[in-house]
Amino acid sequence: MLEYHKNLEIFGDIEEVSMDNYKAYLGNVIYSQDKDTLVVKEKSYILVQDGIVQGIFKDLPEGFPQENIIDWGNNLIIPGFSDMHVHASQFLQRGMGMDKKLLDWLNTYTYPTEAKFQDKEHAKKIYGLFVDELVRQGTLHVNCFSSIHYEASEILFELLLERGLFAFTGKLNMDQNSPEFYLEDTESSLRSTEVFISNYRQKGNVQAAIVPRFTITCSEELLAGLGKLAQQYGTPVHSHMCEAISTIKASKELFPNYKNEAEVFYHNNLLGQTPTIMAHCIFMDDDVVQLMQNPNCMAVHCPDATANINAGGIMPVKKLLEMGINLAIGSDIGSGASLSIARGIASTIQHSKIRNMFDPQWEAVNLSEAFYMATRSGGRYFNKVGAFDKGYHFNALVIDDSNFPGENLTSLERLERFCYAGDDRNIVMRYIVGKELII
Ligand code: GUN
Ligand code: FE
């Protein structure tokens with residue numbers, strides 16, 4: 001293998017002499033550098049060693065082992081998607097009660113659906129279907145709610161781990177303002193959360209999260225206890241915030257000493273003290289924006305959920321991007337109906353255009369920004385995922401769009417068309433840390 005040495009110059013700083021443990025994936029490569037820059041490298045090789053990207057090259061050195069070249073021809077190769085807010089326990093509830101408003105929908109459909117996860121067999125079956133569907137849709141990085149049940153939450157954690165996904169998940173907490181059949185007492189909620197996060201802190205690429213449902217369903221005692229645990233164990237936090245006019249009003253009544261929901265979380269060590277992922281963030285006054293302008297905080301746009309449950313507004317995505325807030329996309333099933341983050345990209349752009357009609361000060365979001373949210377930005381709290389920089393995990397999707405007739409399109413036009421008009425049938429391969437994921 002020594003003869004490779006002289007050819008290695010084109011690989012920059014790769015120092016190894018042997019190429020035997022390298023793989024080279026050939027295709028039209030697209031990934032986000034930042035919100036304004038999509039890198040497009042046509043007919044190029046992504047060089048991968050042990051599941052880690054080493055670089056992207058136009059040519060391979062002479063004598064590179066042919067059997068280590070995976071030729072995807074004219075297909076696109078993009079990073080796996082990041083779904084940063086989704087309820088695994090609402091998988092069966094998609095498309096139900098879509099004529100209701102949030103609080104009514106939660107009481108009528110959601111709490112009874114989630115209560116069924118007390119049954120471990122039910123949890124195994126439904127969470128199995130959920131994880132399969134994530135993979136089918138190309139979501140390789142995920143931040144998901146379970147239910148209030150300890151055992152079901154363990155089952156979800158293990159299934160994510162078995163599949164090799166990069167994930168945060170945790171046992172849900174709620175000790176007030178929900179029906180008797182779906183409610184915890186404060187002390188046992190805290191105790192089982194501590195057991196969960198100490199047992200499951202991190203296994204493989206799955207990490208335990210602390211998951212207060214939202215301020216309304218959590219007493220201040222519970223929030224304070226959870227904040228203490230988050231700090232003690234360095235655990236990420238995941239919740240809903242500033243979602244609907246009705247929930248903001250209810251939260252103000254329940255927490256009169258705080259100006260807004262963000263302050264409730266912040267003063268209980270649940271906003272920005274550890275990585276914090278807040279779904280929705282639709283109604284963001286300046287105080288809330290300020291608290292979220294923290295590298296530890298991320299707001300998750302869930303456009304389909306917003307439209308279905310009619311929260312009364314649309315996230316000001318362009319404004320928050322300009323203000324430097326970390327943003328991601330979430331499918332938020334069951335208020336969203338599809339687990340496709342490609343669809344989430346299209347919806348993000350569409351919703352921002354609707355918002356722009358009413359608030360022309362902020363332009364609509366473009367493909368580069370939405371794709372960034374769905375991949376690199378969404379994946380920022382996982383370990384090097386969502387892009388193909390040197391040192392990143394090769395978590396990738398191969399997109400075959402040959403079912404669409406049409407010639408002379410650029411790779412970016414094809415990516416856009418896949419997001420709007422394609423579906424999971426166009427995803428012909430999924431790689432996680434360089435390994436093929438079988439669906
Ligand atoms: N707020 C509190 N719980 C939920 C939920 O399950 N879905 C949505 N969309 N919002 C919530
Ligand atoms: Fe949600």
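Helix 120-136 versus the longest principal axis of the chain: what is the Cα-based angle in degrees, 0 to 90, to the nearest 10? For 120-136 against the chain, the angle is about 40 degrees. Among the aspartates and glutamates, which fall within straight-line cross-link reach of K384, defined as a Cα-Cα distance under 18 Å, with same-chain neighbours fewer than 8 residues apart omitted? The qualifying aspartates and glutamates are D34, D50, D83.
About its Cα centre, the dipole of the stretch 61-181 is roughly 360 debye, where the only charges are +1 on Lys and Arg Cβ and -1 on Asp and Glu Cβ. Take the Cα of D359, step 7 Å toward its Cβ, do the same at K384, and the gap between the two points is 3.7 nm. Here is how the number arises for the chain: DSSP H runs of 4 or more residues each give -39500 (n - 2.57), the sum is divided by the residue count, and the result at 222 nm is -9500 deg cm²/dmol. Give, in nm to one decimal, the length gained when the segment between E62 and A250 is fully stretched (0.36 nm per residue of separation minus the Cα-Cα distance). Using 0.36 nm per residue and subtracting the Cα-Cα distance, I get 61.0 nm.
Reducing the stretch 215-232 and the stretch 109-131 to their Cα centroids gives an inter-centroid distance of 25 Å.
Per-residue extension of 0.36 nm, minus the Cα-Cα distance of K124 and T186, leaves a gain of 19.7 nm for this segment.
Helix 341-358 and the long axis of the chain differ in direction by around 60°, with both axes built from C-alpha atoms. Where both bridge residues fall in the chain, DSSP classifies roughly 45% of the beta bridges as antiparallel. Note on the chain: with charges restricted to the Cβ of Lys and Arg (+1) and Asp and Glu (-1), its dipole about the Cα centre is near 360 debye. Along the axis of the charge dipole computed for the stretch 312-439 (Cβ charges of +1 for Lys and Arg, -1 for Asp and Glu, origin at the Cα centre), the listed residues H393, P405, I439 are led at the positive end by H393.
Here E151 and D104 are evaluated by their C-beta separation; at R0 = 35 Å the FRET efficiency comes out at 0.75. Taking the charge dipole of the stretch 32-110 about its Cα centre, with +1 at Lys and Arg Cβ atoms and -1 at Asp and Glu Cβ atoms, the residue from G51, V39, M96 reaching farthest to the positive side is M96. Magnitude of the charge dipole for the stretch 283-389, about its Cα centre and with charges confined to Cβ atoms of Lys, Arg (+1) and Asp, Glu (-1), is about 340 debye. For S219, the residues whose modelled amide H falls within less than 5 Å of its own, excluding neighbours fewer than 5 places apart on the same chain, are D175, Q176. Hydrodynamic estimate: the Kirkwood radius of the stretch 283-439 over Cα pairs, inserted into Stokes-Einstein at 10 °C and 1.306 mPa s, corresponds to D of 94 µm²/s. Cα centroids of the stretch 63-93 and the stretch 295-366: 23 Å apart.
Computed 3J(HN,Hα) for the stretch 227-237, one whole-Hz value per residue from the Karplus formula 6.51 cos²θ - 1.76 cosθ + 1.60 where θ = phi - 60°, is x, 5, 5, 4, 6, 4, 9, x, 8, x, 10, glycine and proline marked x. How many times 2.2 N^0.38 Å is the alpha carbon radius of gyration of the stretch 70-221? Against the empirical 2.2 N^0.38 Å value, I get 1.11 for the stretch 70-221.
For the stretch 188-296, the convex hull drawn through the C-alpha positions has a volume of 91 cubic angstrom per residue.
Within the shell of other residues whose beta carbon sits under 13 angstrom from the beta carbon of D389, the net charge comes to +4, with Lys and Arg scored +1 and Asp and Glu -1.
Computed from backbone phi, the HN-Hα couplings of the stretch 49-61 come to 10, 6, x, 10, 5, 9, x, 10, 9, 6, 9, 9, x Hz, rounded to whole numbers (Karplus: 6.51 cos²θ - 1.76 cosθ + 1.60, θ = phi - 60°; Gly and Pro given as x). Based on the Kirkwood radius over alpha-carbon pairs, what is the Stokes-Einstein translational diffusion coefficient of the stretch 227-369 at 37 °C with 0.692 mPa s viscosity, in µm²/s? For the chosen part, D equals 212 µm²/s.
Out of all Cα-Cα pairs in the chain, roughly what percent, to the nearest whole number, are more than 26 Å apart? Percentage above 26 Å: 55.
Laboratory data are not the source of any read-out in this text; all were calculated from the coordinates shown. In this text the structure is predicted, and so the values were computed from the model without any measurement. Note: ideal-geometry Cβ built from the backbone for every residue, glycine included; neighbour counts use all protein chains shown.
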